[in-house]
Amino acid sequence: MYFKKIGVVGGGTMGQGIAEMLAAKGLDVLLVEKTPEKLDYSYRMIETSLDKQLEKWGITQAEKKLILNRIQKVTHFAELSTCDMVIETIIEDLEAKKEVFSQLDQVCPSQVILASNTSTLSLTELASSTKYPERVIGMHFIHPVSKVDLVEIIRGLKTSEHTFTETKRFVEEVSDKKGIMVYESPGFVTTRMITLMINEAMHLLQEGVASAEDIDDAMRIGYNFQHGPLEMADRFGLDSILAALERMFREYGELKYRPSIVLKKRVRAGQLGVKTGEGFFKYDKDGDRV
């Protein structure tokens, strides 16, 4: 199978990162959002990301232009019929994702791989909304996509060997990342482990054991993390962390997954992290700590 054109459904943080990374690898990307306004915003955020790399001499002006030219803005699913693979990256809502897969199933030829970037949901359940469940697979990229060289590849109950083999080849040869196979389980490996650490950091904050700054410094400096757990949560999106913990709490029924009250309060207040400019810390419009 030859991968040249990839569809990305959802222009949020992950969709932007995946679209930018694939375009930088030389692939044509069809980026889909519900409205032209949301699509324009996603495109602007990708451009902002490229501008930051430009400032640091990471890319040239010509490379920036080339990457942006490879990303096509799309609002109708029918246009994805020409893609070799489609990656869904919308919010972690099972019914919303099933609706997307149902629509993709109608417009994409049966040989096109349909992948989900879900971090907690059942691929078997997502595939149940399609006529060809054998072509549905999980491909969980980790934020920030361009800097993290790992992708979890998750097989649903009916995912075919061909779909898995081609997806692994796409991840390792086309995306140039390490693909690990994970058996279907809520949270898989990375989400399950990182959200527990983040939740524990929030419990420490709630109990007054240390300040947010000192908790993050303990892990960032002490264990060589790029970001501390609380800033990590801000960058992932506190609403996404809460949704992941609540789903795992429901699925496993274990108290360790019960979300911290501190997390719930912040989400209720609309302090979702980088995307709103404030979470446990404050951020400017470019996503840098203030």
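Per-structure values
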quantity: Close pairs (8 angstrom Cβ cut-off, 6 or more residues apart or separate chains): in contact (Cβ under 8 Å) with a residue 60 or more places away in the chain in segment 117-135, among the polar types (S, T, N, Q) and surrounded by fewer than 22 Cβ atoms within 10 Å (Cβ to Cβ) anywhere; calculated: Ser119/Thr190
quantity: Every residue from segment 51-92 that is within 25 Å of Thr118 (Cα to Cα), without any contact (Cβ under 8 Å) to a residue 40 or more places away in the chain and either in contact with a Gly (Cβ under 7 Å, 6 or more places away or on another chain) or open to solvent by less than 60 Å² (accessible area, probe 1.4 Å) (or both); calculated: Ser81
quantity: Residue that is least open to solvent (accessible area, probe 1.4 Å), among those in segment 12-50 that are in contact (Cβ under 8 Å) with a residue 60 or more places away in the chain and assigned to a loop (DSSP other than H, G, I, E, B); calculated: Leu27
quantity: Cβ-Cβ under 8 Å pairs, at least 6 apart or on other chains, segment 162-175 side under 10 Å from Ile137 (Cβ atoms), far side in a helix (DSSP H, G or I) and at pLDDT below 95; calculated: none
quantity: Number of the exception - Arg135 against (1) under 19 Å from the mean Cα position of the chain (by Cα); (2) over 30 Å from Gly58 (Cα atoms); (3) basic (Lys, Arg); (4) open to solvent by less than 40 Å² (accessible area, probe 1.4 Å); calculated: (1)
quantity: For Tyr2: the one exception among (1) open to solvent by less than 30 Å² (accessible area, probe 1.4 Å); (2) touching a residue at least 60 places away in the same chain (Cβ under 8 Å); (3) among the hydroxyl-bearing types (Ser, Thr, Tyr); calculated: (1)
quantity: Index of the failed condition, Lys178 passing every other in (1) at pLDDT 95 or above; (2) buried (at least 20 other Cβ atoms within 10 Å of the Cβ); (3) under 21 Å from Thr191 (Cα atoms); calculated: (2)
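Matching residues to (1) under 21 Å from Val182 (Cβ atoms); (2) modelled with pLDDT under 95:
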site	(1), (2)
Glu55	no, yes
Ile59	no, yes
Gln72	no, no
His76	no, yes
Asp84	no, no
Pro109	no, no
Ser116	yes, no
Leu121	yes, yes
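The values are calculated or read from the model by the stated rules, or taken from the named source; none is laboratory data. Remember, it's a predicted structure, so these values are computed and weren't measured experimentally. When we count neighbours, we look across all protein chains shown, and the Cβ atoms used for this are built from the backbone with ideal geometry, even at glycine. Each accessible area value is taken on the protein alone, full model and side chains, heavy atoms only, with ligands, DNA and RNA left out. Shrake-Rupley method; radii C 1.70, N 1.55, O 1.52, S 1.80 Å.
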